[in-house]
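The values are calculated or read from the model by the stated rules, or taken from the named source; none is laboratory data. The shown structure was predicted, so the numbers you read here are calculated from the model rather than taken from an experiment. Heads up, the Cβs are rebuilt from the backbone with ideal geometry, glycines too, and the neighbour counts pull from every protein chain shown.
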Amino acid sequence: MDLRDFPAILPLHFFEVELEVNKGVKPAKLKGYSEFLDEDSFCEVSMAWTEGGIHIGLSVLKPFEKAFFPEVEKGDGMEIFIDTRGISDALIIHKYCHHFVFLPKEVDGIIGVEVTRFRTNDKRELSRKESLKVATQFTKNEYSMQIFIPDEALFGFDPIECSLLKMAYIVHRGSDEPNYFPKSGNDYNLKDHPSLWAALLLK
C-alpha cells in the first residue's frame, strides 16, 4: 500500500490529554480541541464535581433541530463516556466505565440514560434513568443543557479514594459532523477505547 493512501495523522493523536476539574456545583469550561481535530466547533462543554456526583454544562451555538433515541447520532444529543477509576492502560470497556446519552428533548420517555455495553465478563447494574437529571433551555439560535450525574449512577466514583477520572464525549448535530473530545471518533470508535479518553484530575 502506498503511504499516500493512509489517512492523515493529527498531532493530538500522539498525546494524552490531561485536565484539572474543580470541585463545586458551577461547571467551568473544558478546553476544546476542535482546532486540532479539523472540526467545525459548534459547542462548549463545562464540568464540575462534588462528592454527590458530576455536573456538566453543554452550550450548543446553533438552533435545536430534532432528537432521536437510540440513534442519537441522527439528531441533537450528547454521549458521555466516564471511567470512574481512570485506568490509564484499559484497552476495553470494564466495570468502572459508563456510557451515557443525554437529549435536549425527551424521546419515548428518554432524556438521560446509561447504555454501557461490556465486552468482558465484567457486569453491573446500569444506572436508573430517573436518577439522571437534565434541564434544557432553548432560544431561537442556540440551546444549553445542564446535566447532573449523581454518584449512585457512577459505579466506583469516590473522589477521596480516587481523584482521577477518564472522560470523553461526542456532541451530535444531525445536519453537521459531531464535535469530539478529546480525540476524533472518525479514526476509531471512541466509546470502545477508554485508554484514549482524557485524564481528569479532580481538584
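A few points about this structure:
- Unique residue being more than 26 Å from Phe118 (Cβ to Cβ) and over 17 Å from the mean Cα position of the chain (by Cα) when the list is Glu39, Glu51, Glu20, Glu44: Glu51
- Residue within the range 88-95 that is in contact with a strand residue (DSSP E or B) (Cβ under 6 Å, 6 or more places away or on another chain) and of a type in the set (Gly, Ala, Ser) present: no
- Residue match in the range 115-127 (condition: more than 21 Å from Gly57 (Cβ to Cβ), of a type in the set (Lys, Arg) and in contact with a helix residue (DSSP H, G or I) (Cβ under 6 Å, 6 or more places away or on another chain)): no
- Selection from the range 123-135 of residues that are buried (at least 18 other Cβ atoms within 10 Å of the Cβ) and of a type outside the set (A, V, I, L, M): Ser127
- Exactly one residue among Leu200, Leu196 is of a type outside the set (Gly, Ala, Ser), crowded, with 16+ Cβ neighbours inside 10 Å, at pLDDT below 90 and within 16 Å of the chain's Cα centre (by Cα), and that residue is Leu196.
- Pairs with Cβ under 6 Å, 6+ apart, first in the range 93-122 and surrounded by fewer than 18 Cβ atoms within 10 Å (Cβ to Cβ) and among the charged types (D, E, K, R), second modelled with pLDDT of 95 or more and not in a strand (DSSP E or B): Lys105/Ala67
- The set of residues in the range 88-102 being more than 20 Å from Leu164 (Cβ to Cβ) and out of contact with any helix residue (DSSP H, G or I) (no Cβ under 7 Å at 6 or more places or on another chain) consists of Phe102 alone.
- Residue within the range 175-183 that is in a loop (DSSP other than H, G, I, E, B), under 23 Å from Pro63 (Cα atoms) and among the small types (Gly, Ala, Ser) present: yes
- Residue within the range 41-54 that is farther than 19 Å from His172 by Cα and in contact with a Phe, Trp or Tyr (Cβ under 8 Å, 6 or more places away or on another chain) present: yes
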